[in-house]
Amino acid sequence: MKHFDVPLQYKDSIVKHVKNFRLQADKLKKNLTPSLLQAGDLQFYLPRNFGFCYGVENAISLTNNIIDNNTENKRIFLLSELIHNPIINQHLIEKGVQFLMHNDGRNIIPFDTLRSDDIVIIPAFGTTIKIENQLKQIGIDIQQYYSTCPFVEKVWKKGKELLDENYTIIIHGKPEHEETKATFSHVTQSKNACVIIRDQTEANLLAQYIRKEKNTATFLTDFADKHTPNFNPEKDLQRIGVINQTTMLATETQAIANFLKQSLIDFYQLTDDKVQNHFADTRDTLCYATNENQKAVEYMVKNQPLDLVIVIGGHNSSNTCNLYKIAHQHAPAIFITNEKDLTDKHTAQHFNVYEKKIETRTHEYFNSPKRRIGIVIGASCPDSEIDFVIKKILRFYYNNEEAEQQFNTLAQAFIPSSSHH
């Protein structure tokens, strides 16, 4: 297994004891029972899988190694945010890294001010062919500073294979997200046949074109700016394959793929041996970490009675937003950036995922001494943030010295949650 040099400040946490214990007891991660940390009458539950994924650790490790080994004092730029976590991006800014673009693609620093000896790091989401070529024309060696997640590149490879086999690509993703923009760019280099759909609603709409209930004119309106030029739904939706933005809900991607597959089967009256003539099997493009984390959170909130779930991470983190959506279906849940958003015992600054705004939530979650609290972090959030949130909650019940004592005993008192009661 590859070793990553991730700064200790992100991983030096009581959580490492939990992760090490669970790994030794269950190397194949088959036991999804959440882990329990108990401080007096306070019970903190952690899902079986959480935190940094391979792609995030790879990006952080590579970027910090570049910074630490910059003996020639070259200028270091990030194309955009390295990952969607404000804490980590702020630490990079403090180390002198400059950002070239906002996440939506608007320039912060004009490309024409770059020099061939500048370092430009490609973030974990990847980027478009157009931007790669712009940097190459300046003389910048992008491959040396390429932190794109291997699992994102795996999706690109699969997309290209499908196009070579004359399948049209359906990308399940957010059109405005950097990863989806990059995937769209990389998989459409050879042939023009790709469209992006955001959710099941748009999959339902696409199925109307598969069934030839709508024509090309309305397609150009319904999927404006989400398809390759000259896309012809009459012919381009007869043979399709579904790939995804790796941080989407894995269950939703699979449900969309199954739905579109069934739409083709019904319309063309396909027998089992003819399905592959119209629909490609692309299940192997789902990111393992996204899938594992989502399953672990779902298992925890469905099987463990919880008074509150606290989801921690960047508001623009797609994978964290999806973990929140899973959590709040089964328990009261709040979505915070860090412990500072827990204003006091009665108030929290909550990010409303659906309306994309921060709300002040007044709550009674911490009023009773007997509380069962689930804590969830996204794949781009440091484990150490769990420490900070637990410490903050402990201070709602104890004075500072007592809270510190309680916290220090948590790792030693750790036991896997063996009961759902």
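The values are calculated or read from the model by the stated rules, or taken from the named source; none is laboratory data. Quick caveat: nothing in here was measured; it's all calculated off a predicted structure. Backbone-built Cβ (ideal geometry, glycine too); neighbour counts: all protein chains shown. Remember, those area values only see protein heavy atoms, side chains included, never the ligands or the DNA or RNA. Shrake-Rupley method; radii C 1.70, N 1.55, O 1.52, S 1.80 Å.
Summarised in one figure, the compactness ratio Rg/Rh of the range 1-147, Cα atoms and Kirkwood Rh, is 1.08. For the chain, what is the percent of antiparallel DSSP beta bridges, rounded to the nearest 5? About 35 percent, rounded to the nearest 5.
Among residues other than Thr246 with Cβ under 9 Å from its Cβ, the summed charge is 0 (Lys and Arg +1, Asp and Glu -1).
Our note on the geometry: Cα centres of the range 212-262 and the range 21-81, 34 Å apart.
Here the Kirkwood formula puts the hydrodynamic radius of the range 76-226 at 17.0 Å, using every distinct Cα pair.
Label sites at Lys95 and Glu401, each approximated as a point 7 angstrom past Cα along Cα to Cβ, lie 3.9 nm apart.
As a fraction of the 1.4 Å probe accessible area of the chain, surface on carbon and sulfur atoms comes out at 48 percent. When the trypsin sites (Lys or Arg not before Pro) in the range 64-123 are filtered for DSSP coil states and for at most 13 other beta-carbon atoms within 10 Å of their beta-carbon, the remaining sites are Lys74, Lys95, Arg106, Arg115. As a calculated quantity, the FRET efficiency between Asp141 and Gln38 at R0 = 41 Å, using C-beta atoms, amounts to about 0.20. With each label modelled as a point 7 angstrom along the Cα→C-beta vector, the Asn303-Asn133 pair spans 5.1 nm. Each principal axis of the Cα cloud of the range 272-353 was taken in turn, and the coordinate range along them, longest first, works out to 61, 28, 18 Å. Length available on full extension from Asn232 to Asn70: 0.36 nm per residue minus the Cα-Cα distance, which gives 53.3 nm.
Can you pull the percent of Cα pairs in the range 291-404 with separation above 25 Å? Distances greater than 25 Å cover 16 percent of the Cα pairs.
The phi torsions of the range 375-390, fed into the Karplus equation with coefficients 6.51, -1.76 and 1.60 and a -60° offset, translate into couplings of 10, 10, 10, x, 5, 10, 9, x, 4, 4, 5, 5, 3, 5, 5, 4 Hz, rounded to whole numbers, with Gly and Pro shown as x. Restricting the range 33-112 to GluC sites (Glu not before Pro) that sit in a DSSP loop and have at most 15 other Cβ atoms within 10 Å of their own Cβ leaves Glu72. Once you treat every alpha carbon in the chain as an equal point and sum by Debye, what is log10 I(q)/I(0) at q = 0.12, 0.13 Å⁻¹? Debye intensities relative to I(0), on a log10 scale: -1.04, -1.16. Near Ile240, the amide H atoms lying under 5 Å from its own belong to Thr168, Phe279, Ala280; only residues 5 or more places off or on other chains count, and H is placed 1.01 Å from N. What the chain shows is 45 Å² of accessible area per residue, with the surface traced by a 1.4 Å probe over protein heavy atoms. For the chain, find the longest principal axis of its Cα atoms and tell me its angle to the long axis of helix 250-268, 0 to 90°, nearest 10. With both axes taken from Cα atoms, the answer is about 30 degrees. Note on the range 194-316: the alpha carbon radius of gyration divided by the globular reference 2.2 N^0.38 Å gives 1.27. Each Cα pair of the range 81-145 feeds into the Kirkwood radius, which the Stokes-Einstein equation turns, at 4 °C and 1.567 mPa s, into a diffusion coefficient of 103 µm²/s. Ranked by the mean number of other Cβ atoms within 10 Å per residue, highest first, peptides 229-235, 98-104 order as 98-104, 229-235. For Ile377, the residues whose modelled amide H falls within less than 5 Å of its own, excluding neighbours fewer than 5 places apart on the same chain, are Gly51, Ile312. Only DSSP H runs of four or more residues enter the estimate; each adds -39500 (n - 2.57), and after division by the residues of the chain the mean residue ellipticity at 222 nm equals -12500 deg cm²/dmol.
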